[in-house]
Ligand code: NAP
């Protein structure tokens, strides 16, 4: 990394916790490759300190930052403007300065669809099944609508939370009209005909690395021409993707989403193309992939 001085411009990621974030690694690798006087740092900020942190960012002229759990929604009242994409998702993961104040967007949407856009599929004929109804599922739904999927099934374990999820899209009729929610017990009827199965739950991550959100016998119903997409990037592959591959299905892990959402954010801050290959390589080397 080049020398950090008083002129070095600051970027970062705020969250609680942020100590395991891989964003500093990939962003600083890209900055080094571009030879720019910037540094990207992890900024641990608790929920109760968000207002103070925002005032501090103003004071130290932070150029921009990423936002992770638990601030992706809580940050919105501090921003002068958010993009239509962030509005639709209801969450912001990237913030930058404008003449009128901070502006926010959600690059998880672009990050999620990037690996799908490299495939030649007719998305208007594909009805995806999304496992989980948390924050990441919101970016996934928005991305799948952008791709042109005609109907989207979201599967969760709590009817009350599923209803809230459905209701939260009421102001986006293009989404609410094509979204159906289902309980986990209904998966048995959805898996045999799905062409895209997306895991947005943390099942399969440490400490649950032996687990799959869909059990082995049900995964045997997955069509061999289907795509299984796990947002988890470590372990790689997850148990879910191993079971999908055993069926002959195509497996996509969460690493490319992580890289692409980061590249989109860095491009916004630097206003120039960024070396995505170096960002990807740095993560693959760190994760020993
Ligand atoms: P979140 O808001 O906490 O949502 C998690 C969802 O998973 C909730 O709907 C939760 O259900 C469900 N869930 C949790 N444990 C479950 C279980 N045992 N069985 C069934 N459902 C379960 O988390 P998030 O922000 O959406 O993140 C989810 C995952 O996506 C994480 O693994 C995260 O690392 C990954 N992610 C990856 C990227 C990337 O760039 N690759 C980006 C964002 C997120 P309840 O609501 O019923 O609790």
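The values are calculated or read from the model by the stated rules, or taken from the named source; none is laboratory data. The structure displayed is predicted, hence computed values, not measured ones. We place every Cβ from the backbone using ideal geometry, glycine too, and count neighbours over all the protein chains shown.
See the values below:
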read-out: Within region 92-111, considering residues that are crowded, with 23+ Cβ neighbours inside 10 Å and assigned to a loop (DSSP other than H, G, I, E, B), the one farthest from the chain's Cα centre (by Cα); value: 92
read-out: Among (1) more than 10 Å from the ligand (Cβ to nearest atom); (2) modelled with pLDDT of 95 or more; (3) surrounded by 14 or more Cβ atoms within 10 Å (Cβ to Cβ); (4) not in a strand (DSSP E or B) - the single one residue 169 does not satisfy; value: (2)
read-out: Verdict on residue 47 being within 16 Å of the ligand (Cβ to nearest atom) and assigned by TED's automatic domain parsing to the domain that holds residue 183; value: no
read-out: Any hit, region 148-157, residues being within 16 Å of the ligand (Cβ to nearest atom), more than 20 Å from the chain's Cα centre (by Cα) and at pLDDT 95 or above; value: yes
read-out: Residue 276 being closer than 26 Å to residue 64 by Cα and not assigned by TED's automatic domain parsing to the domain that holds residue 37; value: no
read-out: Among residues of region 242-256, those that are more than 16 Å from the ligand (Cβ to nearest atom) and in a helix (DSSP H, G or I), counted; value: 4
read-out: Selected residue (criterion: farthest from the ligand (Cβ to nearest atom)) from residues of region 193-209 that are in contact (Cβ under 8 Å) with a residue 24 or more places away in the chain and exposed (fewer than 13 other Cβ atoms within 10 Å of the Cβ); value: 193
read-out: Meets criteria (surrounded by fewer than 17 Cβ atoms within 10 Å (Cβ to Cβ) and modelled with pLDDT of 95 or more) for residue 128; value: no
read-out: Filter result (touching a helix residue (DSSP H, G or I) at 6+ places or on another chain (Cβ under 6 Å) and part of a helix (DSSP H, G or I)) within region 28-69; value: 29, 30, 33, 54
read-out: Any hit, region 219-233, residues being assigned to a loop (DSSP other than H, G, I, E, B), touching a strand residue (DSSP E or B) at 6+ places or on another chain (Cβ under 8 Å), closer than 15 Å to residue 200 by Cα and within 12 Å of the ligand (Cβ to nearest atom); value: yes
read-out: Residue 81, sole failed condition from (1) more than 19 Å from residue 232 (Cβ to Cβ); (2) in contact with a helix residue (DSSP H, G or I) (Cβ under 8 Å, 6 or more places away or on another chain); value: (2)
read-out: Lone unmet requirement of (1) surrounded by fewer than 23 Cβ atoms within 10 Å (Cβ to Cβ); (2) touching a residue at least 24 places away in the same chain (Cβ under 8 Å) for residue 133; value: (1)
